[in-house]
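Peer 1: This is the structure I want to talk about, given as structure tokens.
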Amino acid sequence: MPEIDKATQTELEAAAFRRLVEHLRLRPDVQNIDMMNLAGFCRNCLSKWYRAAAEEKGLPLTDPEAREIIYGMPYKEWQAQYQKEASAEQKAKFAASGQGQH
């Protein structure tokens, strides 16, 4: 593996993060509950992590502002356009995972 200085590492990580966010914006058909059930995180998790990182840098950011950064639009707008009601099977899988407990 090549030696990578910290600045370059940060740039690469930021580029990968931007690509992930863009990919998720292009795939509104993938529901958050599907992501949670499969990977244990979703768009809302990313927005919370983003907000927490901003706060660590002393930048105040609200949950709605962070969600808009991740979703590319206000969260309520995204919900209205793309969110579907979770199936009983999806809800059961999520409940069994215990992810809703934290």
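Peer 1: Could you sort out which of 48/84; 57/93; 6/76; 6/57 sit more than 29 Å apart by Cα distance in this structure? Walk me through the numbers before you get to the answer.
Peer 2: Numbers: 48/84 22 Å; 57/93 36 Å; 6/76 37 Å; 6/57 17 Å.
Where the Cα-Cα span goes over 29 Å, the pairs concerned are 57/93; 6/76.
Peer 1: Ignoring everything except DSSP H segments at least 4 long, calculate the 222 nm mean residue ellipticity for the chain; use -39,500 (n - 2.57) per segment, divide by total residues, nearest 500. Let's see the in-between values first.
Peer 2: On the way: 6 runs with 70 residues, N = 102.
Taken over the chain, the calculation gives -21000 deg cm²/dmol.
Peer 1: So, one more: Report in % the part of the accessible area of region 1-82 that belongs to carbon and sulfur, leaving out ligands and nucleic acids; probe 1.4 Å. Numbers along the way, then the final one.
Peer 2: Numbers: 3340 of 5690 Å².
Exposed carbon and sulfur together represent 59 percent of the surface.
Peer 1: How many nm separate the modelled label positions at residue 26 and residue 9, each set 7 Å beyond the Cα in the direction of the Cβ?
Peer 2: Distance between label points: 2.9 nm.
Peer 1: Kirkwood hydrodynamic radius of the chain from all distinct Cα pairs, in Å?
Peer 2: Details: mean 1/r = 0.0655 Å⁻¹.
Evaluated over the chain, this radius sits at 15.3 Å.
Peer 1: Provide the per residue accessible area, probe 1.4 Å, for the chain, rounded to a whole number of square angstrom. Numbers along the way, then the final one.
Peer 2: On the way: 7400 Å² over 102 residues.
Accessible area per residue: 73 Å².
Peer 1: For helix 88-97, what angle does its Cα long axis make with the longest principal axis of the chain, in degrees from 0 to 90 and rounded to 10?
Peer 2: Long axis of 88-97 versus the principal axis of the chain: about 50 degrees.
Peer 1: Something else now. Suppose a student asked you for the relative contact order of region 10-102, using Cα pairs under 8 Å spaced at least 6 residues apart; what percent would you report?
Peer 2: On the way: 62 pairs, mean separation 27.6, N = 93.
Averaging sequence separation for qualifying contacts and normalising by length gives 30 percent for region 10-102.
The values are calculated or read from the model by the stated rules, or taken from the named source; none is laboratory data. Please read all numbers here as calculations on a predicted model, not as lab measurements. Virtual Cβ from ideal backbone geometry, glycine too; neighbours counted across all protein chains shown. Protein only, heavy atoms only, side chains kept; ligands, DNA and RNA dropped before computing areas. Shrake-Rupley method; radii C 1.70, N 1.55, O 1.52, S 1.80 Å.
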